[in-house]
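The values are calculated or read from the model by the stated rules, or taken from the named source; none is laboratory data. This is a predicted model, so every value here is computed, not measured. Neighbour counts run over all protein chains shown; Cβ positions are idealised from the backbone, glycine included. Side chains included, ligands, DNA and RNA excluded: accessible areas come from the protein's heavy atoms. Shrake-Rupley method; radii C 1.70, N 1.55, O 1.52, S 1.80 Å.
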Amino acid sequence: QLQLVESGGGSVQAGDSLRLSCAVPGDTLRRHVMGWFRQVPGKERESVAVIHWNNLKVYYADFVQGRFTISRDGAKNTVDLLMNSLEPDDTAVYYCAARHTSRFVTAPDDFDSWGQGTQVTVSS
């Protein structure tokens, strides 16, 4: 399993932007699928955005509606989630996750390496 280190969470106002970053020091991410997920208390963890490291195929949850962008940087070994037009409903703990696979997977149960999570709070 990989060590994933998230950063970039915080408290913002509705309409603001945040960039979350997930660093994977010391490991290659070739043939990995990387994703961002979120969870609020009392609810199941849900997928937000996923990217395949090799072919750059991406997936976004319906609720993203063009507001978020997932990207990866091969030189830095990071996966970022740029979140624009944040809404109070985006408040959650956001997790980065990885899975070594040639398939394109998107569900939380498909991932086996997880970061510790970073809190995002959006106030109205």
Could you list which residues have their amide H under 5 Å from that of Thr91, counting only those 5 or more apart in sequence or on another chain, with H placed in the peptide plane? Val122
In whole Å, largest first, the alpha carbons of region 56-110 cover along the principal axes 34, 27, 20
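Please state the charge dipole magnitude for the chain, taken about the Cα centre, from unit charges on C-beta atoms (+1 on K and R, -1 on D and E), reported in debye and rounded to the nearest 20.
Working: 12 positive and 14 negative charges, 90 e Å.
Dipole about the Cα centre, nearest 20: 440 debye.
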List residues of region 1-32, by number, whose backbone nitrogen lies under 14 Å from a label position 7 Å along Cα→C-beta of Glu87. 14-16
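So what is the accessible area of the chain per residue, in Å², with the probe set to 1.4 Å? Can you show the working numbers first?
On the way: 6320 Å² over 124 residues.
Using a 1.4 Å probe on heavy atoms only, each residue of the chain averages 51 Å².
Taking all protein chains as present, what is the carbon and sulfur share of the accessible area of the chain, in % to the nearest whole number, probe 1.4 Å?
Details: 2800 of 6320 Å².
Of the solvent-accessible surface of the chain, carbon and sulfur hold 44 percent.
Restricting the count to DSSP beta bridges whose residues both fall in the chain, what percent are antiparallel, rounded to a multiple of 5? Let's see the in-between values first.
Values: 37 of 41 bridges.
Restricted to the chain, the bridges split so that about 90 percent are antiparallel.
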Compare the Cα positions of Val58, Val12, Leu29 along the charge dipole of the chain (+1 at Cβ of Lys, Arg; -1 at Cβ of Asp, Glu; about the Cα centre) and return the one farthest towards the positive end. Leu29
Among the GluC sites (Glu not before Pro) in region 1-59, which ones are in a DSSP loop with at most 10 other Cβ atoms within 10 Å of the Cβ? Mind listing them? Glu44
Quick query: amide H of Thr78 versus all other amide H atoms, modeled in the peptide plane; which residues come in under 5 Å with a sequence gap of 5 or more or a different chain? Asp73
Quick check: convex hull of the Cα atoms in the chain, volume per residue, rounded to a whole Å³? 93 Å³
Return the tail of the calculated pair distribution for region 15-62, meaning the percent of Cα-Cα pairs more than 16 Å apart. 55 percent
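Starting from the alpha-carbon convex hull of region 28-93, give the projected area averaged over all orientations, in nm².
Details: hull surface 19.8 nm².
The orientation-averaged projected area of the Cα hull of region 28-93 comes to 4.9 nm².
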